[in-house]
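Worksheet: the structure to be examined is printed underneath.
Just so you know, all these numbers are worked out from the coordinates, no wet-lab data involved. None of the values given here were measured: they were computed from a predicted structure. Positions of Cβ are backbone-derived with ideal geometry, glycine not excepted, and every protein chain shown enters the neighbour counts.
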Amino acid sequence: MPELPEVETMVRGIRPFVEGRRIMAVRRCKTHCRPIGIAPTFTRLAKRIEGQTVATARRLGKRVVLDLTNGSSLVVEPRMTGLMLLADPPDVEHL
């Protein structure tokens, strides 16, 4: 898991690209890798955040939090690589 300074760098890096932007669609990357668990289910998550606007991007401990204008928050735990993509990866090797 990335250390706290790396997560802060991640938040600062994505902030200009996500704050004030609307989440138009949520989709899974097509990969042969087994995805990590998502709670709530992927379908419920997508319904809850699609169409919402990201109000703020912040760090909470070693997690990235995207606060949405509907009062919900999307919490991302970077895991081992600390990789966060705003688009599909170019190939499986980047996962």
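Can you give the net charge of the other residues whose Cβ lies under 12 Å from the Cβ of ARG58, counting K and R as +1 and D and E as -1? List each step's numbers first, then the result.
Values: positive: ARG12, ARG15, ARG59, ARG63; negative: GLU8, GLU19, ASP67.
Every neighbour counted, the sum reads +1.
Among THR53, THR41, the ranking by other beta carbons within 10 Å of each residue's beta carbon, starting with the fewest, stands as THR41, THR53.
Here LEU60, LEU74, LEU45 are placed in order of increasing Cβ neighbour count within 10 Å, fewest first, which gives LEU60, LEU45, LEU74.
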